[in-house]
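The values are calculated or read from the model by the stated rules, or taken from the named source; none is laboratory data. Note that the coordinates shown come from a computational prediction; the quantities given were computed from them, not determined experimentally. Neighbour counts are summed over all protein chains in view; Cβ atoms, including those assigned to glycine, are modelled from backbone coordinates with ideal geometry.
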Amino acid sequence: MRMLTRTWTGRAALAACLLALPVAVAACGSKSTAAATPSATPSPAMNASPSAAITTAWQTFFAGTTPAATKITLLQNGQQFATVIQAQAGSPLAKATQAKVTAVSVTSPTTADVTYSIVQGGQVALPDQKGQAVLEGGVWKVSAPSFQALLKLEQGQAGASPSASP
């Protein structure tokens, strides 16, 4: 029964996360050199190390307090997801959700692998998720496929499109 409760809590946290798209990345028992509080604006890749810029972009994108307009700028092809992001922005549960980046591995000059956890109310709800960051217009962003994978988890479907709504 406890396992069922944990699964529901994780799914509820994911749904909340996606409802407002606030995810900051948290590592269970590991240390991160990333800033604990995300900034409200994207940080150009040239002003920070790729790892720091990626961490900031992911934490800002998934932070419940980040405005929808900023989230759109931090998502690859963000305008394609604007309706979903704006619809999710008002959820109180989503506003309490974060993601904490635990690892960044730059795989090319324009891509990186990101490991992150979704945190709800200070508790890790979805640990060690895998995603990718992309460098677009000089700014590191959450990749569209990473966002779509979270939408798939939330919807419990095999596929999600940019026009899908939670």
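Some notes on this structure:
- Residues in region 52-105 that are surrounded by fewer than 17 Cβ atoms within 10 Å (Cβ to Cβ), in a loop (DSSP other than H, G, I, E, B) and on the phi < 0 side of the Ramachandran plot: Thr65, Pro67, Gly90.
- Residue list for region 102-154, restricted to those being among the acidic types (Asp, Glu) and within 18 Å of Leu74 (Cβ to Cβ): Asp113, Glu136
- Every condition in (1) touching a Cys at 6+ places or on another chain (Cβ under 9 Å); (2) within 17 Å of Pro145 (Cα to Cα) is met by Pro127 except one, and the failing one is (2).
- Ala158 satisfies every condition listed in (1) at pLDDT 95 or above; (2) surrounded by fewer than 16 Cβ atoms within 10 Å (Cβ to Cβ) except (1).
- Residue within region 143-155 that is buried (at least 19 other Cβ atoms within 10 Å of the Cβ), outside any helix (DSSP H, G or I) and at pLDDT 95 or above present: yes
- Condition broken by Lys130, with the remaining ones in (1) exposed (fewer than 15 other Cβ atoms within 10 Å of the Cβ); (2) part of a helix (DSSP H, G or I) satisfied: (2)
- Residue in region 109-123 that is surrounded by fewer than 20 Cβ atoms within 10 Å (Cβ to Cβ) and touching a Gly at 6+ places or on another chain (Cβ under 7 Å) present: no
- Any hit, region 106-119, residues being at pLDDT below 95, farther than 17 Å from Thr66 by Cβ, in a strand (DSSP E or B) and among the aliphatic types (A, V, I, L, M): no
- The lone exception for Asp128 - which of (1) under 17 Å from Lys141 (Cα atoms); (2) at pLDDT 95 or above it fails: (1)
- Among residues of region 142-165 that are under 14 Å from Gln88 (Cβ atoms), those with a Cβ under 7 angstrom from a residue that is of a type in the set (Lys, Arg) and modelled with pLDDT of 50 or more, sequence gap 6+ or separate chain, pair up as Ala160/Lys152.
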